[in-house]
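Encoded as structure tokens, the structure appears first; notes follow it.
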Amino acid sequence: MIKEIVKWRPIIIGIVLVVTLYVISDLISGVSILLPSFLLAGLAVGFMINESEKNGAINGVILGVIGGLIVNVFLIIYYYYLGYGDYISSILLYSVMNLVLQIVVAAVGGVLGSLIKIESVKNRSVEDSVEE
């Protein structure tokens, strides 16, 4: 049953999208678009799975957990090498709060993406029946 719900290919594409946007935006340019990138990746995952809102949310949560862990590990290592090792407890607390927020945003994106796909399929089927 889990194999039917979890779609790994869209999740991997979403993780690559989040990590790529994180590296480009936050580490190179200094402008953080981390939460919008989780929303965008969640939208993409929800759209690609082409199933119900519940499955979109589940896949979005998995995207948020895996992508959030990767991004937060990068962030902790980055801050440590910048010399903020004395503040590691504060950094870890911030990372946990950030991870929870990333999971929620990715889940919302997964639901919205599946809703967009459902509406586009409905509109396409209505247009096809009108043309006939």
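The values are calculated or read from the model by the stated rules, or taken from the named source; none is laboratory data. Keep in mind it's a predicted model, so treat the numbers as computed, not measured. Here the Cβ positions follow ideal geometry from the backbone for every residue, glycine too, while neighbour counts run over all protein chains shown. For the accessible areas, the whole protein counts, side chains as well, though only heavy atoms, and no ligand, DNA or RNA atoms are used. Shrake-Rupley method; radii C 1.70, N 1.55, O 1.52, S 1.80 Å.
Among Val96, Val111, which is the only one that is in a helix (DSSP H, G or I) and surrounded by fewer than 19 Cβ atoms within 10 Å (Cβ to Cβ)? Write out each step before concluding.
Numbers: Val111 fails: surrounded by fewer than 19 Cβ atoms within 10 Å (Cβ to Cβ).
The conditions single out Val96.
Would you confirm, using the coordinates I've provided, whether Glu4 is crowded, with 17+ Cβ neighbours inside 10 Å, out of contact with any Asp or Glu (no Cβ under 8 Å at 6 or more places or on another chain) and at pLDDT below 85? Working first, answer last.
Working: crowded, with 17+ Cβ neighbours inside 10 Å: no; out of contact with any Asp or Glu (no Cβ under 8 Å at 6 or more places or on another chain): yes; at pLDDT below 85: yes.
No; evaluated as a whole, the condition is false for this residue.
Counting only residues that are surrounded by fewer than 16 Cβ atoms within 10 Å (Cβ to Cβ) and modelled with pLDDT of 90 or more, how many does the stretch 17-34 have? Before the answer, list the steps.
So the first thing to find is which residues in the stretch 17-34 are surrounded by fewer than 16 Cβ atoms within 10 Å (Cβ to Cβ), and the list is 20, 23-24, 27-33.
From the residues that got through so far, the ones that are modelled with pLDDT of 90 or more too are 20.
Qualifying residue count, the stretch 17-34: 1.
Conditions (1) within 30 Å of Lys122 (Cα to Cα); (2) not β-branched (Val, Ile, Thr), marked per residue:
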{"position": "Val19", "(1), (2)": "no, no"}
{"position": "Ile24", "(1), (2)": "no, no"}
{"position": "Ser52", "(1), (2)": "yes, yes"}
{"position": "Gly64", "(1), (2)": "yes, yes"}
{"position": "Asn72", "(1), (2)": "no, yes"}
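Out of the stretch 45-74, which residues are open to solvent by less than 60 Å² (accessible area, probe 1.4 Å) and under 15 Å from Ile116 (Cα atoms)?
Of everything in the stretch 45-74, those that are open to solvent by less than 60 Å² (accessible area, probe 1.4 Å) and under 15 Å from Ile116 (Cα atoms) turn out to be Val45, Gly46, Ile49, Glu51, Ser52, Asn55, Gly56, Ala57, Gly60.
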